[in-house]
Amino acid sequence: MNILDDLKWRGAINQETDHDGLYDLVNKKSVGLYVGIDPTGDSMHIGHLIPFMILKRFQLAGHHPVILIGGGTGSIGDPSGKKSERVLQTMDQVRHNQEALTHQMEKLFGQDGSFEIVNNYDWLSKMSLLDFLRDYGKLFNINTMIRKEIIASRLEAGISFTEFTYQILQGVDFLHLFRYNDVQVQLGGADQWGNITSGIDLIHKVEGSDAQAYGMTIPLLLKADGTKFGKSEGGNVWLDPEKTTPYEFYQFWLNQDDRDVVKYLKYFTFLDKTEIDDLEKKVQTHPEKREAQRRLAQEVTKFVHGPKAVESAERISKALFSGEVADLTTTEIEQGFKNMPTVNVSSEPLNIVQWLVDATKIESSRRQAREDINNGAIRINGAKIQDTDFEINPSDKFDGKFVIVRRGKKRYFLARVK
């Protein structure tokens, strides 16, 4: 199957500059394709992930991905869909973000040499102002530029010359990669159409109208309720495990709506049509089992964080449901209990009644604490405690960092040892 047929089935194609030409090209040869990302932050979130998933599909189909990290363009900022100018970052911030994004890309695309990471600072920084104006500025028509959607949307509020010229710089990027990295295709989100076509126009003007350069965009991904995909209640879902833990990442995908899960399986996993069609039937016949959501969570978490992260996330989930937390690692406790009610406690051992009332305020009174203990409603680090003389030693478990309290069937508390 031609990869474009697969992408069409997945609903992953929005616009193409020349479908027939691109279709023939990917049938004939291993094609160089690129996606760009500016280092405006030190981690991608799942909204950024979408075009790179498409790029990864091309890699798996035998094509050659080129990832452009915009050290040059990122230092000035692109005209985003927002109505205000971007705040310029220091070059130290830009360099830090470049390194972090490079590390993430290497995890996603592997270490086998089948892809490249380039930085447009390497060529844009060497261009003088006069070179820019003579060699490129002369080839861009202002009337055409202001009709591009990303620019037109900013005209009423105003746009600086810096951000206005961004599409020229992105066009220069495509031309550079066409000349020196054998890149013939640029991929991007729906909002990048104007910049992509500007680059193709530049290539045709400089290299000739028969130059084979193509562009393709991915549709804006919306949830069933019409809102933009990509955020949880806590904000962005990051690829950086320090910002969004692998357990939280797994849970985000596990909690997707039945109306959205099949679409996300097509977008974010490498499962084939047969398996996805089977999961779609299960959504319709046994939605309560949430098999499609579990498969989605497993596949995306494995792609971003690796198979061990999936095992850990599922172990945490099982332990939280059953209450059997004793076998979790300290790291897993930190992930699974990150958003639980938390108190700080001393490392000194203390009688359980005093600890529950005075040290943690988990119980409102000694009488209530004794009653809950006698009734078997209190578990400490997974073990049921029914002895009111029991002494809690915070150093006993989880490297002396945490004590886990479960009161009743569902209420958990994390005591962090200070």
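The values are calculated or read from the model by the stated rules, or taken from the named source; none is laboratory data. Model, not experiment: these values are computed from the prediction. Reconstructed Cβ throughout: ideal geometry from the backbone, glycine too, with neighbour counts over all protein chains shown. All accessible areas refer to the heavy atoms of the entire protein, side chains included, with ligands and DNA or RNA removed. Shrake-Rupley method; radii C 1.70, N 1.55, O 1.52, S 1.80 Å.
For region 124-160, how many residues are surrounded by fewer than 16 Cβ atoms within 10 Å (Cβ to Cβ), within 34 Å of the chain's Cα centre (by Cα) and within 22 Å of residue 182 (Cβ to Cβ)?
Result for region 124-160: 2.
Mind listing just one residue for me: the one in region 31-69 that is among the small types (Gly, Ala, Ser) and either free of Cβ contacts under 8 Å to residues at least 60 places away in the same chain or in contact with a Lys or Arg (Cβ under 9 Å, 6 or more places away or on another chain) (or both) and, of those, surrounded by the fewest Cβ atoms within 10 Å (Cβ to Cβ)?
Going through the qualifying residues, I end up with 62.
May I ask you to verify whether residue 185 is among the aliphatic types (A, V, I, L, M), closer than 29 Å to residue 302 by Cα and out of contact with any Pro (no Cβ under 6 Å at 6 or more places or on another chain)?
Judged against the criteria, residue 185 is a match.
For region 235-287, which fully contained helices (runs of 4 or more DSSP H) count at least 3 residues that are more than 23 Å from residue 219 (Cα to Cα) and of a type outside the set (Lys, Arg)?
Where helices (runs of 4 or more DSSP H) fall fully within region 235-287 and carry at least 3 residues being more than 23 Å from residue 219 (Cα to Cα) and of a type outside the set (Lys, Arg), they are 246-254, 273-285.
Inside region 209-235, can you point out the residues that are over 29 Å from residue 265 (Cα atoms) and at pLDDT 95 or above?
Of everything in region 209-235, those that are over 29 Å from residue 265 (Cα atoms) and at pLDDT 95 or above turn out to be 211, 212, 213.
Please work out if residue 310 is touching a Ser or Thr at 6+ places or on another chain (Cβ under 6 Å) and either outside any loop (DSSP other than H, G, I, E, B) or closer than 30 Å to residue 407 by Cα (or both).
yes
Quick test for you: out of 225, 182, pick the one residue that is at positive phi, within 30 Å of the chain's Cα centre (by Cα), surrounded by fewer than 21 Cβ atoms within 10 Å (Cβ to Cβ) and charged (D, E, K, R).
Within the list 225, 182, the selection yields 182.
Output the number of residues of region 161-178 satisfying the condition of being open to solvent by 20 Å² or more (accessible area, probe 1.4 Å) and more than 19 Å from residue 69 (Cβ to Cβ).
Within region 161-178, residues that are open to solvent by 20 Å² or more (accessible area, probe 1.4 Å) and more than 19 Å from residue 69 (Cβ to Cβ) number 3.
Going by the conditions given, is residue 378 within 27 Å of residue 314 (Cα to Cα), touching a Leu at 6+ places or on another chain (Cβ under 8 Å) and either modelled with pLDDT of 95 or more or open to solvent by 70 Å² or more (accessible area, probe 1.4 Å) (or both)?
Considered against the rule, which asks whether it is within 27 Å of residue 314 (Cα to Cα), touching a Leu at 6+ places or on another chain (Cβ under 8 Å) and either modelled with pLDDT of 95 or more or open to solvent by 70 Å² or more (accessible area, probe 1.4 Å) (or both), residue 378 comes out as yes.
Inspect all residues belonging to region 305-319 and state whether any of them is more than 25 Å from the chain's Cα centre (by Cα) and surrounded by 14 or more Cβ atoms within 10 Å (Cβ to Cβ).
The answer is yes, given that some residue of region 305-319 is more than 25 Å from the chain's Cα centre (by Cα) and surrounded by 14 or more Cβ atoms within 10 Å (Cβ to Cβ).
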